[in-house]
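Worksheet: one structure, shown below.
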Amino acid sequence: MAKLTADLLLLAGSTLAATLLCGAMTTALFGTVAWRPLFSAVGLWLAFAIVVTSAMSLFSVWFRSRGAAAGAGLAFFFVTLLATVWPPAVRYSFIGLSSQSATALTGGMVAWPWSVGTALLGSCLFAMVSMRTFERQEL
């Protein structure tokens with residue numbers, strides 16, 4: 001759990017710093033920045049990144065080989081990309097966060113509760129399963 005917490009804190013902190021730097025550079029170059037769409041898009045992307053990071057944490061516990069864990073994580077990412085062709089998955093799960101992030105960045109309205117809710121639920125589920133699995137392993 002400590003590793004996942006550290007990974008997620010690093011992810012959130014670097015994402016916030018990069019977003020603020022991007023906004024500052026945009027303001028310096030163009031005079032203004034639309035902060036609300038920028039933070040909305042980054043927040044939706046961050047929810048998706050948290051799910052993927054939590055899944056990778058689970059895969060690193062399941063597989064002793066780093067290559068196998070990386071392959072499982074890549075397969076998980078590709079499956080989420082393939083699932084975007086099914087509209088109910090996009091609307092009612094974290095699968096739609098990528099397209100919703102792009103919509104938010106352009107200033108469009110995004111129905112985010114289902115996507116963010118399932119992302120948080122999935123992240124918690126991945127974390128709990130990885131903790132239970134790690135408890136049963138020999139060190």
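Below is a table of values for the structure above.
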| quantity | calculated |
| --- | --- |
| Local electrostatic count at F59 - Lys and Arg +1, Asp and Glu -1, tallied over other residues with Cβ under 15 Å | +3 |
| Lys/Arg +1, Asp/Glu -1 at C-beta; the stretch 2-136 dipole; positive extreme among A55, S130, L8 | S130 |
| Calculated [θ] (222 nm, deg cm²/dmol) that DSSP helices of n ≥ 4 give over the chain, each run adding -39,500 (n - 2.57) | -27500 deg cm²/dmol |
| Neighbour-count order for L81, L29, L120, fewest beta carbons within 10 angstrom listed first | L29, L81, L120 |
| Under the span-like rule (Cα at least 15 Å along the axis, Kyte-Doolittle mean at least -0.5), DSSP H helices of the chain | 2-30, 35-62, 66-82, 113-136 |
| Simple Cβ-charge dipole of the chain, Lys/Arg +1 and Asp/Glu -1, about Cα centre, in debye nearest 20 | 100 debye |
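Bear in mind these aren't lab numbers, they're just calculated from the coordinates by the rules spelled out. Please read all numbers here as calculations on a predicted model, not as lab measurements. Note that each Cβ is placed from the backbone with ideal geometry, even for glycine, and that neighbours are counted across all protein chains shown.
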